[in-house]
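Below is one structure, written out as structure tokens; comments come after it.
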Amino acid sequence: MTQPLVISVDAMGGDHGPSVVAPACAEALADRPDLRLLLHGDEAAIGAALARHEAVRGRIEIRHSDKVVAMDEKPAQAMRRGKGSSMWNAVEAIRDGHAAAAVSAGNTGALMAISKLILRMGAGLERPALVASIPHPNGVTTFLDVGANVDCDAERLVEFAIMGEAYHRAAHGVARPTVGLLNVGSEDMKGHEEVRQAHGVLREGGIDLAYKGFVEGDDITKGAVDVVVTDGFTGNVALKAMEGAARFMYDELRAALTKSGPAASLGALLARSSLLRFRDRMSPPPAAPLLGLNGLVLKCHGGADQRDFAKAIRAAADVAQSGFASEIERNMRRLPAALAEAGPAAADGAA
């Protein structure tokens, strides 16, 4: 008999806690018979929220925790005081072999710091990166880093390219994903020193990637390449701008169809299923995996509703069953030689 896949969940994180997490867990379990969940947090609150979902209670284990990492808690404080919290215990379950992945909607900085402390970085990697899947006309673009690392040197950007390429292959089934570096133009002389140095390493360093060079902001939603790499500051700003634009377009379209008289309202009713598909297509990704750790952690956005948190759990299950970690390790073994080989040329190009 096949062993069930276990996902560890921080039930107290985010803006809503168990009131959203519990029904989301029930929703995720409904169409994944292979799945089991570990919920970490206040046992009484979680149990009350699960009271209407008795059908799945046998597939959920609650592990009590009195402590919660606050949404405004600084990462250093979370590492010092977070031991025994719902977030800490959710991540620790991976290290202890009790779960294949963890999901939290809690404090991003704290989650990254706690995950790095407990799980450590894999195969020569220095920092984890948050990755988002952005829809384009023919699929999705893997976009990273979207908020874990505000400042990145050339070596970090190359690491992100390796991680993003491996993740895209594993998560989206593309045999040879193409990779681009986000820049203010496609010409070699454009951009700041770090992005030009990374460009030199990826182009000349002999790393086994289908690197296509610089891409611009509009290429993310065009699908010009499969993987777009940038630093966490730029990535987070770009992601939030895209989310805001998508929300604005959907709200404007809905308003135009519901507030323009009886004929438009009738049209909106007839087009309801299409509008819902449009909303789902334009919605921000429900969760961003933290790549590079010795274990899989997914960050769900703090305001996630039931549907989004359920999607995040399903995404964790799907990625946990892929082989992206071994793909990252394979290319990371080539990185030191690539940096040594391309370093002088990259430095000359940036001068």
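The values are calculated or read from the model by the stated rules, or taken from the named source; none is laboratory data. This one's a predicted model, so the numbers in the text were calculated from it and none came from an experiment. Don't worry about glycine lacking a Cβ; one is built from the backbone with ideal geometry, like all the others, and counts go over all protein chains shown. These accessible areas exclude ligands, DNA and RNA; they are computed on the full protein's heavy atoms, side chains included. Shrake-Rupley method; radii C 1.70, N 1.55, O 1.52, S 1.80 Å.
Here is how the numbers come out for the structure above:
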item: Positions within the stretch 182-241 being among the β-branched types (Val, Ile, Thr) and part of a helix (DSSP H, G or I), in sequence order; result: Val195, Val201, Ile220, Thr221, Thr234, Val237
item: Of all residues making up the stretch 1-12, the number that are open to solvent by less than 10 Å² (accessible area, probe 1.4 Å) and either touching a Pro at 6+ places or on another chain (Cβ under 7 Å) or not in a strand (DSSP E or B) (or both); result: 1
item: Subset tally (residues that are closer than 28 Å to Ala315 by Cβ and either of a type in the set (Gly, Ala, Ser) or without any contact (Cβ under 8 Å) to a residue 12 or more places away in the chain (or both)) for the stretch 170-197; result: 5
item: Which numbered condition Arg80 misses (of (1) within 18 Å of the chain's Cα centre (by Cα); (2) without any contact (Cβ under 8 Å) to a residue 12 or more places away in the chain); result: (1)
item: Residue within the stretch 62-72 that is buried (at least 17 other Cβ atoms within 10 Å of the Cβ), out of contact with any Ser or Thr (no Cβ under 8 Å at 6 or more places or on another chain) and over 22 Å from Asp318 (Cα atoms) present; result: yes
item: Flag if Ser19 is of a type in the set (Ser, Thr, Tyr) and closer than 15 Å to Arg307 by Cα; result: yes
item: The lone exception for Arg254 - which of (1) assigned to a helix (DSSP H, G or I); (2) at pLDDT 70 or above; (3) of a type outside the set (A, V, I, L, M); (4) buried (at least 20 other Cβ atoms within 10 Å of the Cβ) it fails; result: (4)
item: Residues being farther than 20 Å from Arg176 by Cα and of a type in the set (D, E, K, R) - total across the stretch 209-234; result: 3
item: Single residue of Ala93, Ala48, Ala100, Ala113 found to be open to solvent by 60 Å² or more (accessible area, probe 1.4 Å), at pLDDT 90 or above and of a type in the set (A, V, I, L, M, F, W, C); result: Ala48
item: Gly295 being at pLDDT 80 or above, open to solvent by less than 50 Å² (accessible area, probe 1.4 Å) and either among the basic types (Lys, Arg) or under 16 Å from the mean Cα position of the chain (by Cα) (or both); result: yes
item: Unmet requirement for Tyr167, which otherwise passes all of (1) buried (at least 18 other Cβ atoms within 10 Å of the Cβ); (2) over 23 Å from Lys222 (Cβ atoms); result: (2)
item: Residue among Gly122, Gly173, Gly164, Gly180 that is at pLDDT 90 or above and under 22 Å from Ser326 (Cβ atoms); result: Gly164
item: Failed condition for Val174, given (1) crowded, with 20+ Cβ neighbours inside 10 Å; (2) touching a His at 6+ places or on another chain (Cβ under 9 Å); result: (1)
item: Unmet requirement for Ala129, which otherwise passes all of (1) open to solvent by less than 30 Å² (accessible area, probe 1.4 Å); (2) on the phi > 0 side of the Ramachandran plot; result: (2)
item: Residue tally, condition open to solvent by 10 Å² or more (accessible area, probe 1.4 Å) and either without any contact (Cβ under 8 Å) to a residue 60 or more places away in the chain or more than 16 Å from Thr108 (Cα to Cα) (or both), over the stretch 135-150; result: 6
